[in-house]
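**Student:** First the structure, which I've put down as structure tokens, then a few questions once you've had a look.
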Amino acid sequence: MIDIRIIRDNEAEARRLLELRGQSDLLDGLVELDRKRRALIENTNALKARRNELSREIAEASKRGETVTALKDESRGIGDSIASGDEELKAVDAEVQSRLMQIPNLPHESVPPGRTADDNIVVREWGKKPSFEFTPKDHLELGRNLGIFDFERGTKIAGSGYPVFKAAGAVVERSLINFFLDFHRERGTYTEVSVPFLVNPESMTGTGQLPKFEDDLYRCKNDDLYLIPTAEVPITNLHRDEILPESTLPICYCGYTPCFRREAGSYGKDTRGFLRLHQFDKVEMVKFCRPEDSYQEHEALTKDATDLLEVLGIHYRQVLLCAGDMGFGAAKCYDIEIWSPGEARWLEVSSCSNFESFQARRANIKFRRTDTGKTDYVHTLNGSGLATPRLLVAMLETYQNDDGTVSVPDVLKKYTGFGLMTPGGAR
């Protein structure tokens, strides 16, 4: 949630920045509504001050034996006005908060203008596209031949978008998760956490999934809990309604969870194999830091994601998203895209975002400065480090051999216990 003071003090600039996202109309009438809210507060405070004065006047008049009927009548009338004003203020304040909850974050000055992915900027590229002396197969054909996943039985059990990994496929997928967690933890930067896969509405609101994206969430109505779309939600909410000592910042967490997404409105898009799923596995990185450090921390977090791909030997590019293509809460975002030889296109495997104070305001996460004792909102950042499904697509297709086998990247062999996936098993 953005600070209402930004809109109040410089509506024109806020409108310009939101226009980069194509959503400046969300500000229409908001300044007037906020002005009404402040006028109601001022009026109510004045009435309460007058009522306090009347209380003193009544007490003093009573001591002198004077009649206080008129004063008491005025006090009762003021009380009625205060009650009425409080009700109106409550309604107006709720409307202001509701409107603010619908407004996306303002893009950082370094974010390029644009509305679609065509306006994004490739910041850098690592490695080269794999070349083969044979006709390469895509991940679906490789998977069928190797017997490492089963989409048909996944559909039978739960529906489309719920794959089953088996044999070497299940081992490799689990090995990737363990490798990611060890990689982040062993660098000494991140503390590993294991968090709930179900969260309450307050947690979803804190990170920005509610109320705007409710249609994309799986909800357990009887318990009023939601299956998480990403570990970002429970990990960020670890510090909801807390004031953190400045000396503890930055706080960096990594954690594994499955992710559940209804993908409402995505019918027919990227539905082949692992490209778009309703359930998938991901390791998430989350940071809490001081505002003055957040963009340095953003670059470091992005590097933590890309370093994983370099160790795995996967060709990737880092893309700076334009204002119109960023997620709802991001002030700046890099997408990490890997090359899929079978699909012959780039696949997003991580989004690394700086939310500045957007989530912290919604979740009420602050820190206390050591020198002044004053509190301020932290900046929150997160990124996938990494998600497994599309990485598996690129990895299978990149490491395939002309005899139909698929080699395991060297760094994973200590986790898998084998170096080659074959139609007959693994060795």
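**Student:** Which of the residues belonging to the range 99-131 are touching a strand residue (DSSP E or B) at 6+ places or on another chain (Cβ under 8 Å) and of a type in the set (A, V, I, L, M, F, W, C)?
**Tutor:** Just the residues of the range 99-131 that are touching a strand residue (DSSP E or B) at 6+ places or on another chain (Cβ under 8 Å), to begin with: 107-108, 110-112, 120-127, 129-130.
The answer is V111, I121, V122, V123, W126.
**Student:** Confirm whether P201 is under 14 Å from the mean Cα position of the chain (by Cα) and farther than 19 Å from R276 by Cα.
**Tutor:** Values: under 14 Å from the mean Cα position of the chain (by Cα): no; farther than 19 Å from R276 by Cα: yes.
Taking the combined requirement at face value, the residue does not satisfy it.
**Student:** Another question, if that's okay. With the requirement that a residue be open to solvent by 40 Å² or more (accessible area, probe 1.4 Å), within 19 Å of G161 (Cβ to Cβ) and over 14 Å from the mean Cα position of the chain (by Cα), what does the range 215-227 give you? Spell out how you get there, then give the answer.
**Tutor:** Of all residues in the range 215-227, those open to solvent by 40 Å² or more (accessible area, probe 1.4 Å) come to 215-216, 218-225, 227.
If we keep only those that are within 19 Å of G161 (Cβ to Cβ) as well, we get 215-216, 218-220, 227.
Listed by number, the residues that qualify are D215, Y218, R219, C220, L227.
**Student:** Got at least one residue in the range 13-36 being over 23 Å from Q359 (Cβ atoms), in a helix (DSSP H, G or I), touching an Asp or Glu at 6+ places or on another chain (Cβ under 7 Å) and of a type outside the set (A, V, I, L, M, F, W, C)?
**Tutor:** Taking every residue of the range 13-36 in turn, none turns out to be over 23 Å from Q359 (Cβ atoms), in a helix (DSSP H, G or I), touching an Asp or Glu at 6+ places or on another chain (Cβ under 7 Å) and of a type outside the set (A, V, I, L, M, F, W, C).
**Student:** OK, next. Given the residues E343, E348, E337, which is the only one that is at pLDDT below 95, over 18 Å from P104 (Cβ atoms) and among the acidic types (D, E)? Give the derivation first.
**Tutor:** Details: E348 fails: at pLDDT below 95; E337 fails: at pLDDT below 95.
Result: E343 is the single residue among E343, E348, E337 that is at pLDDT below 95, over 18 Å from P104 (Cβ atoms) and among the acidic types (D, E).
**Student:** I'm trying to understand the selection: among the residues of the range 301-338, which are of a type in the set (F, W, Y) and either under 20 Å from P130 (Cβ atoms) or open to solvent by less than 10 Å² (accessible area, probe 1.4 Å) (or both)? Full working, then the answer.
**Tutor:** We begin by selecting, within the range 301-338, every residue of a type in the set (F, W, Y); these are 316, 328, 334.
Across the range 301-338, the qualifying residue is only Y316.
**Student:** Which residues, counting only those in the range 49-72, are over 26 Å from A39 (Cβ atoms) and among the charged types (D, E, K, R)?
**Tutor:** We begin by selecting, within the range 49-72, every residue over 26 Å from A39 (Cβ atoms); these are 56-72.
Once the filter is applied, which keeps residues that are over 26 Å from A39 (Cβ atoms) and among the charged types (D, E, K, R), the range 49-72 yields R56, E57, E60, K63, R64, E66, K72.
**Student:** Look at V411 and say whether it is in contact (Cβ under 8 Å) with a residue 60 or more places away in the chain, under 30 Å from E299 (Cβ atoms) and touching a helix residue (DSSP H, G or I) at 6+ places or on another chain (Cβ under 9 Å). Lay out the reasoning, then the answer.
**Tutor:** Numbers: in contact (Cβ under 8 Å) with a residue 60 or more places away in the chain: yes; under 30 Å from E299 (Cβ atoms): yes; touching a helix residue (DSSP H, G or I) at 6+ places or on another chain (Cβ under 9 Å): yes.
In short, yes.
**Student:** Also: Just to be sure I understand the filter: pairs with C-beta atoms under 8 Å, separated by 6 or more residues or on different chains, first member in the range 59-86 and within 28 Å of L40 (Cα to Cα) and touching a residue at least 24 places away in the same chain (Cβ under 8 Å), second member open to solvent by less than 80 Å² (accessible area, probe 1.4 Å) and of a type in the set (A, V, I, L, M, F, W, C). Which pairs pass?
**Tutor:** Taking only residues 6 or more apart or on different chains, the pairs are S75/L54; S75/I58; I78/L47; I78/L54; S81/L47; I82/L47; G85/L40; G85/L47.
**Student:** If you don't mind, there's one more thing I want to ask. Which residue is farthest from I365 (Cα to Cα), if the candidates are limited to the range 170-202 and must be open to solvent by less than 60 Å² (accessible area, probe 1.4 Å) and either free of Cβ contacts under 8 Å to residues at least 60 places away in the same chain or part of a loop (DSSP other than H, G, I, E, B) (or both)?
**Tutor:** Across the range 170-202, the extreme among qualifying residues is A170.
**Student:** Another question, if that's okay. Could you tell me which of the residues L140, L54 is open to solvent by less than 40 Å² (accessible area, probe 1.4 Å), out of contact with any strand residue (DSSP E or B) (no Cβ under 6 Å at 6 or more places or on another chain) and farther than 30 Å from I338 by Cβ? Break it down into steps so the answer makes sense when it comes.
**Tutor:** Details: L140 fails: farther than 30 Å from I338 by Cβ.
Going through L140, L54 in turn, just one is open to solvent by less than 40 Å² (accessible area, probe 1.4 Å), out of contact with any strand residue (DSSP E or B) (no Cβ under 6 Å at 6 or more places or on another chain) and farther than 30 Å from I338 by Cβ: L54.
**Student:** Only one of (1) among the β-branched types (V, I, T); (2) under 30 Å from the mean Cα position of the chain (by Cα); (3) crowded, with 18+ Cβ neighbours inside 10 Å is not met by I157, so which one is it?
**Tutor:** Single failed check for I157: (3).
**Student:** Need pairs with beta-carbon distance below 8 Å; first residue on the phi > 0 side of the Ramachandran plot and within the range 125-144, second among the β-branched types (V, I, T); sequence gap 6+ or separate chains.
**Tutor:** Within 8 Å, the pairs are G127/I314.
**Student:** Please find, among L17, L47, the residue that is in contact (Cβ under 8 Å) with a residue 60 or more places away in the chain and open to solvent by less than 70 Å² (accessible area, probe 1.4 Å). Steps first, please.
**Tutor:** Numbers: L47 fails: in contact (Cβ under 8 Å) with a residue 60 or more places away in the chain.
Just one listed residue meets the conditions, L17.
**Student:** Criterion first (in a strand (DSSP E or B), of a type outside the set (F, W, Y) and open to solvent by 20 Å² or more (accessible area, probe 1.4 Å)) does E348 satisfy it? It would help to see each step written out before you state the result.
**Tutor:** Working: in a strand (DSSP E or B): yes; of a type outside the set (F, W, Y): yes; open to solvent by 20 Å² or more (accessible area, probe 1.4 Å): yes.
Against the criterion (in a strand (DSSP E or B), of a type outside the set (F, W, Y) and open to solvent by 20 Å² or more (accessible area, probe 1.4 Å)), E348 qualifies.
**Student:** Sticking with this one: Of D281, D241, which residue is at pLDDT 95 or above, over 18 Å from Y190 (Cβ atoms) and open to solvent by 10 Å² or more (accessible area, probe 1.4 Å)?
**Tutor:** Of the residues listed, the single one that is at pLDDT 95 or above, over 18 Å from Y190 (Cβ atoms) and open to solvent by 10 Å² or more (accessible area, probe 1.4 Å) is D241.
**Student:** Next question. Which one of K128, K156 is over 22 Å from L420 (Cβ atoms), outside any helix (DSSP H, G or I) and at pLDDT 95 or above? Give the derivation first.
**Tutor:** On the way: K156 fails: outside any helix (DSSP H, G or I).
Exactly one residue qualifies, and that residue is K128.
**Student:** Kindly check whether there is at least one residue in the range 94-112 that is in a loop (DSSP other than H, G, I, E, B), open to solvent by 60 Å² or more (accessible area, probe 1.4 Å) and either in contact (Cβ under 8 Å) with a residue 24 or more places away in the chain or closer than 21 Å to G208 by Cβ (or both). Break it down into steps so the answer makes sense when it comes.
**Tutor:** First, the residues of the range 94-112 that are in a loop (DSSP other than H, G, I, E, B): 102-112.
From what's left, open to solvent by 60 Å² or more (accessible area, probe 1.4 Å): 102, 109.
Adding the requirement that they be either in contact (Cβ under 8 Å) with a residue 24 or more places away in the chain or closer than 21 Å to G208 by Cβ (or both) leaves 102.
So far as the range 94-112 goes, yes, one or more of its residues are in a loop (DSSP other than H, G, I, E, B), open to solvent by 60 Å² or more (accessible area, probe 1.4 Å) and either in contact (Cβ under 8 Å) with a residue 24 or more places away in the chain or closer than 21 Å to G208 by Cβ (or both).
**Student:** For the range 396-419, what are the residues that are open to solvent by 10 Å² or more (accessible area, probe 1.4 Å) and in a helix (DSSP H, G or I)?
**Tutor:** T398, D410, V411, K413, K414, Y415, T416
The values are calculated or read from the model by the stated rules, or taken from the named source; none is laboratory data. The structure displayed is predicted, hence computed values, not measured ones. Quick reminder, even Gly has a Cβ in these numbers, built from the backbone with ideal geometry, and neighbours come from all protein chains shown. When the accessible area is computed, the model is the full protein with side chains, heavy atoms only, and any ligands, DNA or RNA have been set aside. Shrake-Rupley method; radii C 1.70, N 1.55, O 1.52, S 1.80 Å.
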